[in-house]
Amino acid sequence: MKNVFLIILTTLGLTTYGQDKYNYVSFNKLKEVEGTDFIIATIENWGKGDGLKNRYLLFIDTKTGQTNQVNFPNEGYFEKIEQVKVDNLGINKIIVSAQTVDLDGKKGIDWNDPTQIIVLSTDGKEKTQLTESKLFVRTWVVNKKTGTIIITGHYDTNNNGKYDKTDKNEIGIYDLKTLKLINKI
């Protein structure tokens, strides 16, 4: 009886796997880039049986139809995508918090890996990783009066993959115009 049940399950699995021959593209989110002609599409391309093939942001010029693709690692995760527009300081940037580094190098990017802050131009042609790859970003906030981003996080100094009292906490203040670190606290 076990063998019959196993054969039925195997046959069912093979027939359902073999029926679909197409990849799926998921346009999860669309976001307007205020003050520009661009829209940002968050795209995940799923292959049949292979899982996630690639993940990227697509900047679409709504006047010309031209696109610019900003790639991220397949296993990575987008946590937050936010536009920072401060007209009186001449700042208009896209800030992305994402997990893009497999810090332990073992099993791909997962929830135990650090989050980085990445700054993109409004057309997606310029990409700057603001924080170090080993900094586990916790929170961040933009001060629109000064044009700075304040980022809190920690370094896993004992490399145990957990946040504990031996880890080094840090607050970094970065200039959004120059994309440089101003001060560490």
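None of the figures in this text is laboratory data; all of them are computed from the coordinates on show. Everything numeric here is computed off the predicted structure, so don't read it as measured data. So basically every Cβ, Gly included, is an ideal-geometry build from the backbone, and we count neighbours across all protein chains shown.
Points to keep in mind about this one:
- Projected over all directions and averaged, the alpha-carbon convex hull of region 97-185 occupies 6.4 nm².
- Residue pairs, from the table LYS63/LYS180; LYS29/LYS144; LYS145/LYS177; LYS125/LYS162, whose Cα atoms sit over 24 Å apart: LYS63/LYS180; LYS29/LYS144; LYS125/LYS162
- Counting charges near ILE151 (Lys, Arg +1; Asp, Glu -1) among other residues having Cβ under 11 Å from its Cβ returns a value of 0.
- Net charge over other residues, Cβ less than 14 angstrom from the Cβ of LEU89 (K, R count +1; D, E count -1): +3
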